[in-house]
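Everything below concerns the one structure shown next.
Just so it is clear, none of the values below were taken in a lab; they were calculated from the coordinates. Everything numeric here is computed off the predicted structure, so don't read it as measured data. Here Cβ is always computed from backbone atoms with ideal geometry, including for glycine, and neighbour counts include all displayed protein chains.
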């Protein structure tokens with residue numbers, strides 16, 4: 001994974017996945033990415049699937065209006081403008097996916113273990129998803 005930032009879309013894998021949102025008007029692509037992570041124990045989740053799940057959760061948080069548009073994600077901004085607000089069920093799925101994707105015993109966490117920015121970004125994302 002080529003990464004230039006600890007932000008959810010600051011890497012090649014997430015940036016490539018974002019193009020799947022082009023032309024979409026519903027949350028199915030996002031839901032599918034989240035389910036992969038939410039349905040897999042963190043220790044069994046490969047780093048690419050975990051990266052995509054974090055990016056998908058970021059899309060949900062943006063859909064809620066809780067995270068401003070950021071660099072590297074024009075496709076996400078356009079998708080959020082087209083799609084309806086995410087359901088409470090999707091928000092819950094996003095939070096579960098982030099928990100699994102960032103699991104301490106997971107492959108992705110091992111790659112980022114010494115980067116406090118990555119941990120801070122994931123805490124920010126979880127806070128955006130769990131704010132009432």
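Remarks
- Candidates 95, 12, 115: whichever shows maximal mean-square fluctuation once the chain is modelled as a Gaussian network with Cα springs under 10 Å: 115
- Simple label model, 7 Å out from Cα along Cβ direction - residue 41 to residue 5, nm: 3.5
- Helix 28-38 axis, angle to the chain major axis (alpha carbon atoms, nearest 10°): 20
- Helix 47-63 axis, angle to the chain major axis (alpha carbon atoms, nearest 10°): 40
- Distance histogram for the range 12-130 (every C-alpha pair counted, 5 angstrom bins, percent rounded to whole numbers): 2, 13, 24, 26, 21, 10, 3, 0
- GNM remark for the chain: springs join alpha carbons under 10 Å apart, and the peak mean-square fluctuation among 76, 98, 67 falls on 67.
- Nearest-ten-degree value, helix 116-130 long axis tilted from longest Cα axis of the chain: 40
- Relative contact order %, the chain, counting alpha carbon pairs below 8 Å whose residues are six or more apart: 33
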